[in-house]
Amino acid sequence: MTEPVKKVGVLGAGVMGSGIAAHLANAGVRVVLLDVVVDKGDKNKLAREGVAKALKARPAAFFHPRFADLIEVGNLDDDLERVGECDWVVEAVKEDVEVKRALFARVDAVRKNAIVTTNTSGLPIKSLVEGRSAEFKKAFFVTHFFNPVRYMSLLEIVAGDATSLDAVARIADFAAVWLGKGVVYGKDTPNFIANRIGCYAMMSVLRAMGEGGYSVEEIDAVFGTPLGRPKSAVFRTADMVGLDTFVHVAKNCYANLAGDEERDVFKVPGYLEDMVRRGWLGDKGGQGFYKKVGSEISALDLKTMEYAPSKKIRFDSIGAVRNIDDAKERLRQMVSATDRGGEIAWRVTAETLAYTARRVGEIADDIVNIDRAMRWGYNWAFGPFEMWDAIGVETSALRMDKAGIKVPENIKAMLKSGRKSFYEEKGAATTYCDIAAKKSVAVPPLPRALKLGGTRVVKEKVGALLRDLGDGVLCVEFRTKMNAIDDDILAMLHEAMDEAEKNYAGIVIGNEAESAFSAGANLMLVWMLAQQQNWTEIDRAITMFQAATKRLHATTVPVVAAPFGLALGGGCEIALGCAAIRANAELYMGLVEMGAGLIPAGGGCTMMLNRWLGDLPDGVDALQYVRKVFEIIGMAKVSMSAEEARTYRFLNERDGVTMNRDQLIHDAKETVLGLARAGYRPAPARAVRLPGESGYATIRAGLWAMVKSHAITEHDALIGGKLAKTLTGGNVAQNTLVTDTQLFELEREAFLSLCGEEKSQARMQALLTSGKPLRN
């Protein structure tokens, strides 16, 4: 265990400084945020404004506004001595060597035992610590966060010649576990790892684009999902980041890479310089490579420097890979295509792979740090060497030779030695090729990570796996598209409980999908059955789902859900049914069935009533709490973080939150073991006092008032009425105790009746075809 970090000083309250401070507060750490004095009458103005901007930021910088209370503001004139109270000090002031060096001279005098790091994006450490004490140099290194800090996983750590390895280990451990960061270790070279390779990749695109006469829209169509890159691709990403920021990174490379064999690639094109001069900086300037004109998006023609309505791009290559779910196969086919899309995809990919291979040893010691940097910092599905493996190293090297792209000598040597890939799977372990040492080395494990691929499969179905996590814990892993709940998943849940009740301590429900724990039940199936008027099969499906969530609550072993990303509809209900939840911090959780013209019927209504009314003492008016549940479900509210999920009571105060997604299965397993060791017993059968028919009449009157004011449609009111009838307990008197069994039956009846409504079927169809809700 490394020494904990309890308090952090952040120097500089700009975009990065305030973002770093906000995310430290998200982790429950006390922060002192300081900036320069620009107003003698309000010395803390910049720091206070930094917090205010973070509170207004979109996407949100804080998990919940209450975390801002952990940040104390001050100024660098009066409060710098407070860094002596801190375990860690992060500098995030202007990217200027002289400004930073002057500040470090002052910090050196007051820091006591604090570790000091800089958020520089590429300034050399030797220049920054010039003149500093030996003790300061030992405690100093680079921690390069990516913006927005909350959402970008990557943290690049770069140590100086005198840096203490213990100091690095302490911050790296804290960043990985408490801040949820993916930590990589780079070398003190311009722009470190991710921005060096990412900038080269984009500049390579610009060069090929100019030579091939490609449009902005064509480039973004190719360099997004087809190649395993974010949908924002190249130019939309540049607009979001800011063209001035990108130009700064490119110029820093060009100015400081005199010995780089491809230095000229980093030379900023004239049109890009012109765009910055005009203030066309992207989103923050109102226009960049794209511009919103009314409700339409226009794209910039780089030849005329004029905007025109964005065009839909149709390349045969993109059409051919669109429906390929396997990202590696999609990449392989895209770079093999022979049309214009495939040609530029191959050229830029090949140039980037070759350039990156020549940087091994220069920007990082190994390929693992480079691959992780590009995945975590640029959201690529694969790092360069993982990409090369997917394409085929040997065949692509031959193709590079034929195309006149020089294959790096270290790659030739690797192939000559007989090794044909950078990574190799050996049982549960993965090795990588240490190119310099010409040997296989185990890939360094991530802290507290438990990867499902290294565990034993106990049972297998098309839509779900049952795994043995070790130490007497099973894991049900969903394997459907978007992890939608189907018969395989429900059956596997029962089989897991059968097995665990006889032979295991408990169960984790979790998976390693990219973005969705579970996006809900299989809506396509429900819609098709409704179209066929197959009410018997819909009833069977509801009954199966309810049986699973009821049993999750009643089983004799602890079941812990490990939700992350999307946990919607049925996915939310599965989690609510478990003994406990161990959630990833980035959790978008909600009961969203209203958007499909339905209400929750897998126990969602029942379990939310228990969470809001289960502990109410006798005599308390239940209607106000029923209204709250009605609002959460009726407005299809979705949490924007795990902490916000607590405010809706999707999570309770005892449920844990894991910051680092890679550690989630491990932490969920530990939660199971903790509950088992504490002598877990399932909760007894439940009942809540509900307002009955009088409460239903009150809510229904409100709904029809909204119809008359045109706030909602009549069909909204119909669905809302069904929800209200369920939540108030049906045809019972005020303050009647209503059991879970009765509530489950009310859910089932309401769901079935809504499936028979043509307008609800139209809402389902709209969601399935367009992804957007229909208001009819």
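Check off (1) of a type outside the set (Ser, Thr, Tyr); (2) in a helix (DSSP H, G or I); (3) over 31 Å from the mean Cα position of the chain (by Cα) for Glu261 and give me the number that stays unchecked. So Glu261 meets the others, but not (2).
So, of the residues in the range 415-449 that are over 23 Å from Glu362 (Cα atoms) and surrounded by fewer than 13 Cβ atoms within 10 Å (Cβ to Cβ), which turns out to be modelled with the highest pLDDT? Ranking the candidates gives Gly418 first.
Do we have Val508 as open to solvent by less than 10 Å² (accessible area, probe 1.4 Å), at pLDDT 95 or above and within 30 Å of Ala172 (Cα to Cα) here?
Yes.
Filter the range 172-214 for residues that are over 19 Å from Phe140 (Cβ atoms) and in contact with a His (Cβ under 8 Å, 6 or more places away or on another chain) and give the result. Selection gives Leu179 alone. How many of the residues making up the range 120-144 are open to solvent by less than 20 Å² (accessible area, probe 1.4 Å), under 21 Å from Leu179 (Cβ atoms) and part of a loop (DSSP other than H, G, I, E, B)? Looking only at that region, the number is 2. Tell me whether the range 484-497 contains one or more residues that are more than 16 Å from Met544 (Cα to Cα) and among the charged types (D, E, K, R). Looking through the range 484-497, none of the residues is more than 16 Å from Met544 (Cα to Cα) and among the charged types (D, E, K, R). Taken over the range 332-364, the criterion of being without any contact (Cβ under 8 Å) to a residue 60 or more places away in the chain and open to solvent by 10 Å² or more (accessible area, probe 1.4 Å) is satisfied by Gln333, Ser336, Ala337, Thr338, Asp339, Trp346.
Looking at the range 263-278, is at least one residue over 30 Å from Glu95 (Cα atoms), open to solvent by 70 Å² or more (accessible area, probe 1.4 Å) and touching a helix residue (DSSP H, G or I) at 6+ places or on another chain (Cβ under 6 Å)?
no
Within the range 652-701, the set of residues being charged (D, E, K, R), under 37 Å from the mean Cα position of the chain (by Cα) and either open to solvent by less than 40 Å² (accessible area, probe 1.4 Å) or farther than 30 Å from Trp178 by Cα (or both) comprises Asp655, Asp667, Lys669, Arg681, Arg686. Spot the failing condition for Ala25; the list is (1) within 18 Å of Ile171 (Cα to Cα); (2) open to solvent by 20 Å² or more (accessible area, probe 1.4 Å); (3) free of Cβ contacts under 8 Å to residues at least 60 places away in the same chain, and only one is missed. The failed condition is (2). Ile719 falls short on exactly one of the conditions (1) within 30 Å of Leu179 (Cβ to Cβ); (2) buried (at least 20 other Cβ atoms within 10 Å of the Cβ), and that condition is (1). Among the numbered conditions (1) touching a Phe, Trp or Tyr at 6+ places or on another chain (Cβ under 6 Å); (2) open to solvent by 40 Å² or more (accessible area, probe 1.4 Å); (3) not aromatic (Phe, Trp, Tyr), the only one that Glu72 does not meet is (1). Among the residues making up the range 170-214, those that are assigned to a helix (DSSP H, G or I), surrounded by fewer than 19 Cβ atoms within 10 Å (Cβ to Cβ) and of a type in the set (D, E, K, R) are Arg170, Asp173, Arg207, Glu211.
Restricting attention to the range 297-311, and to residues there that are assigned to a loop (DSSP other than H, G, I, E, B) and in contact (Cβ under 8 Å) with a residue 24 or more places away in the chain, which single residue is surrounded by the most Cβ atoms within 10 Å (Cβ to Cβ)? So, considering only residues that are assigned to a loop (DSSP other than H, G, I, E, B) and in contact (Cβ under 8 Å) with a residue 24 or more places away in the chain, the one surrounded by the most Cβ atoms within 10 Å (Cβ to Cβ) is Leu302.
Looking across the range 215-229, the residues that are surrounded by fewer than 21 Cβ atoms within 10 Å (Cβ to Cβ), part of a loop (DSSP other than H, G, I, E, B) and out of contact with any helix residue (DSSP H, G or I) (no Cβ under 6 Å at 6 or more places or on another chain) come down to Ser215, Gly224.
For the range 286-296, the set of residues classified as closer than 18 Å to Gly242 by Cβ and either modelled with pLDDT of 95 or more or in a loop (DSSP other than H, G, I, E, B) (or both) consists of Gly286, Gln287, Gly288, Phe289, Tyr290, Lys291, listed by residue number. With respect to the conditions (1) closer than 18 Å to Met209 by Cβ; (2) open to solvent by 40 Å² or more (accessible area, probe 1.4 Å); (3) β-branched (Val, Ile, Thr), Thr395 lacks only one, and its number is (1).
Listed by first and then second residue, the pairs with beta-carbon distance under 8 Å, at least 6 apart or on different chains, first residue in the range 314-331 and in contact (Cβ under 8 Å) with a residue 60 or more places away in the chain, second surrounded by fewer than 17 Cβ atoms within 10 Å (Cβ to Cβ) and hydrophobic (A, V, I, L, M, F, W, C), are Arg330/Ile324.
So which of Leu675, Leu664, Leu651 is in contact with a Ser or Thr (Cβ under 9 Å, 6 or more places away or on another chain), assigned to a helix (DSSP H, G or I) and of a type in the set (A, V, I, L, M)? Step through it out loud before you land on a result.
On the way: Leu675 fails: in contact with a Ser or Thr (Cβ under 9 Å, 6 or more places away or on another chain); Leu651 fails: assigned to a helix (DSSP H, G or I).
After ruling out the rest, the residue left standing is Leu664.
Exactly one residue out of Leu703, Leu737, Leu746 is of a type outside the set (S, T, N, Q) and touching a residue at least 60 places away in the same chain (Cβ under 8 Å), and it is Leu746.
Restrict the check to the range 148-167 and report whether at least one residue is open to solvent by less than 30 Å² (accessible area, probe 1.4 Å), within 19 Å of Trp376 (Cα to Cα) and of a type in the set (D, E, K, R). Among the residues of the range 148-167, at least one is open to solvent by less than 30 Å² (accessible area, probe 1.4 Å), within 19 Å of Trp376 (Cα to Cα) and of a type in the set (D, E, K, R), which makes the answer yes.
The values are calculated or read from the model by the stated rules, or taken from the named source; none is laboratory data. Remember, predicted model here, so these are calculated numbers, not experimental data. Note that we place each Cβ from the backbone using ideal geometry, even for glycine, and neighbour counts take in every protein chain shown. Quick note on the areas: whole protein, heavy atoms, side chains included, nothing else; ligands and nucleic acids left out. Shrake-Rupley method; radii C 1.70, N 1.55, O 1.52, S 1.80 Å.
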